[in-house]
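Taking it in order: structure first as structure tokens, then the write-up.
The values are calculated or read from the model by the stated rules, or taken from the named source; none is laboratory data. The shown structure was predicted, so the numbers you read here are calculated from the model rather than taken from an experiment. Note that we place each Cβ from the backbone using ideal geometry, even for glycine, and neighbour counts take in every protein chain shown. Quick note on the areas: whole protein, heavy atoms, side chains included, nothing else; ligands and nucleic acids left out. Shrake-Rupley method; radii C 1.70, N 1.55, O 1.52, S 1.80 Å.
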Amino acid sequence: MRGFKFAGKHSSEYHILVTNISRSILPPLTEKTVNVPSRSGGYFFGTEIGMREFQVDITISGKTDTEMMETFRDIGVWLRWDEEQELIFDVEPTKTYFSYLTGSTDLQTVGTTGFATLRFLCPDPYSYGPLIESPVITSSPVEVKVEGKEKTYPVIVANFKENSTYFSMATKDQYIHIGNPEGLDQITIPPEEKLFDDEMISTSGWTSFTNVDQGSVQGAITPDDWSFVASDYGKGSEWHGPALQKMSTTSAKHFRLEAMVGFYSISQMEMGRIEFYLLDSNGNVVGKLALMDAWVGSESTKIEARAGTRDDGHYFANTAGSMSYKKKTTYVKKKVRGKTKTVAQTQTEEYGQYSDFYGKITIERIGPVWKAQLIRLSKLFGLEVATSRVEFRWVNPDIDQYNAPVSGVAIHFGQHSTYQVVPSMYCSQLTLKKINPITTIAIPEIIEKGDEVVIDCEVGSIYKNGTVWLSELNMGSQYLSLEGDSINNLAYQPANKCEMKIYHRGRYL
């Protein structure tokens, strides 16, 4: 009997002998029936598929009782998780289940040999094959060969070569439609225009900036291969660190600033801030967006969003979100009775909702309405997609206040006094956009050249450039499913404006 892999580690790493794996042909099936009065029997409406369970009998042997017990403790650390992990059995190395350990793990020992049964529960009863990536699709209709035995839900990635007012895709009995095609009597306009879009790999076009809040400008910003970082913070008793500004030749009354940032702490004794100042054509501050850890003894990153200056402005976001106490586990190598062991060390720490952040932060103004967003990103099929999103909104009651057009942006990295600075603060992209009001005779080009639209039919969500984008989804749309072990026919529009790839994993019961 061979072994299994769970959470990325194989059972052989713990000297486990798997003696038996118990599983059923199918997960539990529950019929759906309806009884009708005065009628014999009832109506059958199919079955519901329950959760799948595996029981794995294992044997562990050690040279001594102590060694055997140490091994079982290591196994306990390996198997205990708060969310599902990948489970792969050696007898089916191309099939992946998503499972967690459940129930009791009673241990029986005979001498220096121990016996136990591990119960793995799979809330999703299906197993999944490897990720299949289609060739680049450039014309419609298209045939897609789907692996697996069961219906599967693809991830569709469309990269646009031109602006478009819509995108749609259909199978023989389902469709999903985003936006609207333009009519004959309508004109199209871009909803946004980029004043600048900086990849933050060079300081060319950037100049000095000195007007930071409660601090002094010192040190230097040095781009690495893909982002702006602070190479020197200087010295001071308050906030201190480098700052630069970039100006556009065009001003925007309605605007949005988007910044891709990372803000990661290692110790609760660290402090730091990364700030973005909105500037008018004369370099005066119009507003601010920032991430900041201003507390010693807590990993609490807060977002600040402000209209106006520090002296006369209005903060419509100034929070670290909800606070929680989490057990942080680290694994270190230690000598235990002459042998090197991986030992888990756990301590309780206070975390803010926005701690250890990577993603996009934004600030915008359209008329009297100010908004800020904090969008956390992670990887899905190699793509960056939003996993959480928080929005702050404020309507300015005085339309003549905080309304100066925006022409530029300043970036500032800060250290407080001599406290340890947050070691990973960076900005990898900075985009300033002008937002165009839409009129009744115009239809917006909701997709721009270079945009990436991702339709995740498995989780039921749509992303544009990594941000959740459901506002343009038409009523009646359905997330597409594809039939397993067959060729599926799909059509999409506008086929002349985008290229696509379709990702899927074969599903099996």
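Ranked highest first by the average count of other Cβ atoms within 10 Å around their residues, in what order do 90-96, 453-459 fall?
With the highest mean Cβ count within 10 Å placed first, the list reads 453-459, 90-96.
Let's test the formula: R0 of 25 Å, r as the Cβ-Cβ distance of Glu483 and Asn35. What FRET efficiency results, to the nearest 0.05?
Efficiency at R0 = 25 Å is approximately 0.15.
When you count, for each residue, the other Cβ atoms within 10 Å and take the mean per peptide, how do 19-32, 106-119 rank with the highest first?
Top of the packing list down: 106-119, 19-32.
What net charge is computed for the residues neighbouring Ser134, neighbours being all others with C-beta under 9 Å from the C-beta of Ser134, Lys and Arg scored +1, Asp and Glu -1?
+1
Using a 1.4 Å probe on the protein chains only, how many percent of the accessible area of the chain belongs to carbon and sulfur?
49 percent
What is the sum of charges around Pro368, taking Lys and Arg as +1, Asp and Glu as -1, for the other residues whose C-beta is under 15 Å from the C-beta of Pro368?
+1
FRET efficiency for Arg310 and Asp398, Cβ-Cβ distance as r, R0 = 30 Å, nearest 0.05?
E(calc), rounded to 0.05, equals 0.95.
Which of the GluC sites (Glu not before Pro) across region 357-419 are loop residues per DSSP, with 10 or fewer other Cβ within 10 Å?
Answer by residue number: there is no such site.
Specify the angular offset, from 0 to 90 degrees and rounded to the nearest 10, of the alpha carbon long axis of helix 65-79 from the longest principal axis of the alpha carbons in the chain.
Orientation of helix 65-79: about 50 degrees from the principal axis.
If you wrap a convex hull around the C-alpha atoms of the chain and split its volume per residue, what is the figure in Å³?
In the chain, the Cα hull volume divided by residue count equals 229 Å³.
Expressed as a whole number of Å, what is the distance separating the alpha-carbon centroids of region 198-268 and region 397-439?
With region 397-439 and region 198-268 each reduced to a Cα centre, they are spaced 9 Å.
Say the dipole of the chain comes from +1 at the beta carbon of Lys and Arg and -1 at that of Asp and Glu; which of Val157, Gly62, Leu377 then lies farthest toward its positive end?
So the residue furthest toward the plus end is Gly62.
Can you give the local net charge around Thr117? Use residues other than it whose beta-carbon is closer than 15 angstrom to its beta-carbon, Lys and Arg +1, Asp and Glu -1.
-1
Keeping every protein chain present and rolling a 1.4 Å probe, give me the accessible area per residue for the chain in Å².
On a per-residue basis, the chain sits at 50 Å².
Can you put Tyr264, Tyr351 in order of accessible area, largest first, using a 1.4 Å probe?
Tyr264, Tyr351
Could you work out the relative contact order of region 14-145, using alpha carbon pairs under 8 angstrom and six or more residues apart, expressed as a whole percent?
Relative contact order of region 14-145: 25 percent.
Please give the calculated 222 nm ellipticity per residue for the chain, where each DSSP H segment of at least 4 residues contributes -39500 (n - 2.57) and the sum is spread over every residue; nearest 500 deg cm²/dmol?
-1000 deg cm²/dmol
Using a basic spin-label model with each label point 7 Å from the Cα along Cα→Cβ, how many nm lie between Leu107 and Glu162?
The modelled label-to-label distance comes out at 6.8 nm.
Ranking request for peptides 366-376, 130-140: highest mean number of other beta-carbon atoms within 10 Å first, then the rest in descending order.
With the highest mean Cβ count within 10 Å placed first, the list reads 366-376, 130-140.
Relative contact order of region 219-315, please, whole-number percent, based on alpha carbon pairs below 8 angstrom and at least 6 residues apart.
16 percent
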